[in-house]
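What follows draws every value from the coordinates through simple rules; no lab data is involved. Since the model is a prediction, treat every value here as computed from it, not as a measurement. A quick note on method: Cβ atoms are made from the backbone with ideal geometry, for glycine too, and the neighbour counts reach across all protein chains shown.
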Amino acid sequence: MAILYNLYRNPPAGNQQEAVGLHARFVPSGKTTTAQLVSRAAKGSALGEGDLLAALYCLEQALLSELEAGQWFNLALWDPFRSA
């Protein structure tokens, strides 16, 4: 599935009179709720919806703690760029 973008002119910088260049903004194509995501994940897993919701809550709390501490994190479970 393709990701859609709208292109916008960059605002003028400093003393420039005209905008220079373009930048892209993501155009959402829909919305998925947490309940829908958990339901879909539960159908393809041995875990129930309650277990997945509990895990998501724990992850949310841990990630918020990391962000509050100024930490950077990578949520990818598989990172092809990770050094061995």
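Can you work out the PRE-style zone for W72? Point 7 Å along Cα to Cβ, and I want the residues of the range 23-64 with backbone N under 19 Å.
Counting backbone N atoms under 19 Å from the label point, the list is 63-64.
Filter the trypsin sites (Lys or Arg not before Pro) in the chain to those in DSSP coil with at most 16 other Cβ atoms within 10 Å of their Cβ, and list the result. Spell out each step's value before the answer.
On the way: sites: R9, R25, K31, R40, K43, R82; in loops: K31, R82.
Counting only loop positions with at most 16 other Cβ atoms within 10 Å, the trypsin sites (Lys or Arg not before Pro) in the chain are K31, R82.
Quantify how much of the Cα-Cα distance distribution of the chain extends past 19 Å, in percent. Mind dumping the intermediate values first?
Values: 2397 of 3486 pairs.
It works out to 69 percent of all Cα pairs.
As a test of the formula, what do you get for the chain when each DSSP H run with n ≥ 4 contributes -39,500 (n - 2.57) and the sum is divided by the residue count, at 222 nm and rounded to the nearest 500 deg cm²/dmol? Intermediate results must be reported in sequence, preceding the final value.
Working: 2 runs with 30 residues, N = 84.
My calculation for the chain gives -11500 deg cm²/dmol from helical runs alone.
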